[in-house]
Structures are given as structure tokens and as C-alpha cells.
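The values are calculated or read from the model by the stated rules, or taken from the named source; none is laboratory data. Only a predicted model underlies this, so the values are computations on that prediction, with no experimental measurement involved. Using ideal geometry, Cβ is built from the backbone for each residue, glycine included, and neighbour counts are taken over all protein chains shown. Quick note on the areas: whole protein, heavy atoms, side chains included, nothing else; ligands and nucleic acids left out. Shrake-Rupley method; radii C 1.70, N 1.55, O 1.52, S 1.80 Å.
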Amino acid sequence: MPRLLTQACRAAGSQKAWAEANGVTGSYVNDVLQARREPGDSILNALGLVKVVGYVERRKKAEAA
């Protein structure tokens, strides 16, 4: 996802320009790009993405013999 946001910001000319065009703040975009915050619906929607949460069964530890 950060790659898509980075590309979108470059296409818009800057993080600030992309943020303004998509109704979010430049600091929020920067925080997402720096992995300080998770992207919310506003950023995900603008990029055409949805958040998917999945669960995987944990492997059982081998029992001590």
C-alpha cells in the first residue's frame, strides 16, 4: 500500500497536493507513508483499496517427549 500512495503523491506533484485533492491532511499522508499511522477509509477509498483482515490457524508446538 505505501508504494501505491507514494506513486499517487508523485503523480499529484506532492504529498500535500494529493492530500488536498483527496480531503485529508498532508501530515496524515506523511504519517501513513512513514508507518506511524494506518491508512483509514479516506486514503484507502482514494486509492481504490479496501482493508482485509484475515486469520490463520496457529501451528501447534511439538509436545515434549
Option label - semi-axes √(5λ) of the Cα gyration tensor in Å computed here, alternatives (i) 19, 14, 12; (ii) 36, 12, 10; (iii) 41, 16, 7
(ii)
Within the chain, list the GluC sites (Glu not before Pro) lying in a DSSP loop whose Cβ has at most 11 other Cβ atoms in a 10 Å radius.
Glu57, Glu63
Mean separation of Cα contacts under 8 Å (6+ apart) over length of the chain, as relative contact order %:
24 percent
Kindly report the accessible area of the chain per residue (heavy atoms of protein chains, probe 1.4 Å, no ligands, DNA or RNA), in Å².
83 Å²
Value at 222 nm in deg cm²/dmol, rounded to 500, when DSSP H runs of n ≥ 4 in the chain each add -39,500 (n - 2.57)
-14000 deg cm²/dmol
At a 1.4 Å probe radius, carbon and sulfur cover how many percent of the accessible area of the chain?
49 percent
